[in-house]
Amino acid sequence: MLKISRLSVLLTTVLSLSVSAKSVDFDSAWKNVLNNHNGIAAERANVQRQESLASGTSDLNLPSITLSANYTYLDDDVTVNSQQLLDSTDINPAFAGAATGLINALGGPITSTLSERDIFTSSIRAIWPIFTGGRISAAESAAEGKTDEARSQLKMKQQASYEDLAKYYFSVVLANEVVKTYSEVEQGLAKHRDNAVKLQQQGQIAKVERLQADAAYDKAKVDLRKAQQNSDIASAALRSMLQMNENITPETPLFINQKLPEMTAFIDNTLATYPGLDLLDAKEKQASSLIKAEKGSYYPEVYLYGNYNLYEGDSLSAEIAPDWMVGVGVNVPLLDNKGRSEKVAAAHSAVQQVQYLKKQAKEDLSLLVEKTYREALQAIDEYYGLASSIALAQENILLREKGFKQGLSTSLDVVDAELYLASIKTQRSLASFNYMISLVKLLALSDETDTFVQYQLQAREGK
């Protein structure tokens, strides 16, 4: 019954650990970031915003149609009498005299109300620009440039997030390897402490040697706890980036390749695909559109217009007025107080500024790729260069332990040997971590993140 109870406890513990800890490889973690990272989602929303705005600029080519209603109150009714009408006509003077006599015979001028003082009208108006000096096409081009800029910003955010994920993810892997290394040190020094206790009891070593072993073992336990805490901190940072509450066990280990493709391949791909350069191209497109728009202000605007009266009241003027009208209008700029020539010059300067920035960006990118590439090579050299030191340190531990048992080595010699092996293992793991960070940066800069798995497979094959 006791055995069954212990087995139940063990199974419960294992199951709880399997539920609380989730294994995630680097590729799955990256997909998680793409789908859930708030910063990437914000940039994606900005792309959608700019696409909507760009789509809206095409409406500038369409006519604008408005429904309007007006109420006007005059100081008096609009009237005209027969004498005023007669005076305004171009008729024979003899006939005009006879008409005047007739009006007087009727008792004086006859008055007619053309419009009452309260006027209410309603109409539909349309204006359709047919020539704007290229300003509409310039606005469309500028909107496209802003959309391209937003897309480039999204790609740059994804690239930066990819590098951040690599740092968080492989920091956990590195921290776990350090925990494993310090655990081995703790186990080795525990064994050494036990040997020291036995040898002291047998009178083969002095008390100070045993105390040295005790102190080294206690220090190893402290270092192990510190390494575990660092691992917990790294895991918390990774969980935060992945927006996951459960513990995460990274499946993708640290690895290192024996060689890399030529540096020129990374540089060429970076200069051809880096989104920051596309962003500057988008800026240049916007600046060029600004030149076109400012030059367009020198040209006349030609437009069609029309009006259809829906309601004009019952006055005489409303009855005799036409219901609709159409026409062509032209606005010719003669004197402008907005500094057109200065704006054109400023737009040209903006284009030149972007061109210089692009040249400088290419130089900086080439230097960055070269620096990162050489850091990766340095990590490769360090990793493989420490292989012989690992073998030496392991053999030195065996020799010092044997010498300690024979009274030929001190406890300090054994401790130093254990710590030396731990330092070499940690340094080698750090070299592998540095290589991973450099490799990921190279792949991100050159838009080759999809090839990460290939490098991992090559490392497994010893390539």
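The values are calculated or read from the model by the stated rules, or taken from the named source; none is laboratory data. Keep in mind it's a predicted model, so treat the numbers as computed, not measured. Cβ coordinates were reconstructed from backbone atoms using ideal geometry, including for glycine residues, and neighbour counts include every protein chain displayed.
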Notebook entry, point to check: Does Gly313 fit the bill of being of a type outside the set (Lys, Arg), modelled with pLDDT under 90 and closer than 23 Å to Thr132 by Cα?
Noted result: no
Check: Name the residues in region 207-247 that are charged (D, E, K, R) and not in a loop (DSSP other than H, G, I, E, B), would you?
Finding: Lys207, Glu209, Arg210, Asp214, Asp218, Lys219, Lys221, Asp223, Arg225, Lys226, Asp232, Arg239
Check: For region 299-306, does any single residue satisfy the condition of being in contact (Cβ under 8 Å) with a residue 40 or more places away in the chain and either assigned to a helix (DSSP H, G or I) or over 30 Å from Glu144 (Cβ atoms) (or both)?
Finding: yes
Notebook entry, point to check: Residues of region 193-203 being closer than 14 Å to Glu401 by Cβ, out of contact with any Asp or Glu (no Cβ under 7 Å at 6 or more places or on another chain) and either outside any helix (DSSP H, G or I) or not basic (Lys, Arg) (or both), which ones?
Noted result: Asp194, Asn195, Leu199
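For region 313-327, which residues satisfy the criterion of being surrounded by fewer than 10 Cβ atoms within 10 Å (Cβ to Cβ) and not in a helix (DSSP H, G or I)?
Of the residues in region 313-327, the ones surrounded by fewer than 10 Cβ atoms within 10 Å (Cβ to Cβ) are 314, 320, 322, 327.
Passing the criteria: Asp314, Pro322, Gly327.
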Next item on the list: Among the residues of region 198-211, write down those that are surrounded by fewer than 22 Cβ atoms within 10 Å (Cβ to Cβ) and either in contact with a helix residue (DSSP H, G or I) (Cβ under 6 Å, 6 or more places away or on another chain) or among the charged types (D, E, K, R) (or both).
Entry: Lys198, Gln200, Lys207, Glu209, Arg210
Margin query: Within region 354-372, does at least one residue satisfy the condition of being touching a Ser or Thr at 6+ places or on another chain (Cβ under 6 Å) and among the polar types (S, T, N, Q)?
Written below: yes
Next item on the list: Go over the candidates Thr372, Thr451 one by one and state the one that is crowded, with 18+ Cβ neighbours inside 10 Å and in the same structural domain as Lys198 (by TED's automatic domain parsing).
Entry: Thr372
Next item on the list: Name the residue, out of Lys359, Lys338, that is out of contact with any strand residue (DSSP E or B) (no Cβ under 9 Å at 6 or more places or on another chain), among the basic types (Lys, Arg) and at pLDDT 95 or above.
Entry: Lys359
Check: Any residue at all in region 65-83 that is at pLDDT below 85 and assigned to a helix (DSSP H, G or I)?
Finding: yes
Check: Tyr384 versus (1) within 27 Å of Leu260 (Cα to Cα); (2) in contact (Cβ under 8 Å) with a residue 40 or more places away in the chain; (3) surrounded by 14 or more Cβ atoms within 10 Å (Cβ to Cβ): which is the lone unmet condition?
Finding: (3)
Notebook entry, point to check: If you check Ile267, Ile205, Ile233, Ile248, which single one turns out to be at pLDDT below 95, under 32 Å from the mean Cα position of the chain (by Cα), assigned by TED's automatic domain parsing to the domain that holds Leu398 and not basic (Lys, Arg)?
Noted result: Ile248
Item checked: Selection status of Tyr168, under 20 Å from the mean Cα position of the chain (by Cα) and within 30 Å of Leu439 (Cα to Cα) -> yes
Check: Within region 164-186, is even one residue under 30 Å from Phe404 (Cα atoms), buried (at least 22 other Cβ atoms within 10 Å of the Cβ) and touching a Gly at 6+ places or on another chain (Cβ under 9 Å)?
Finding: no
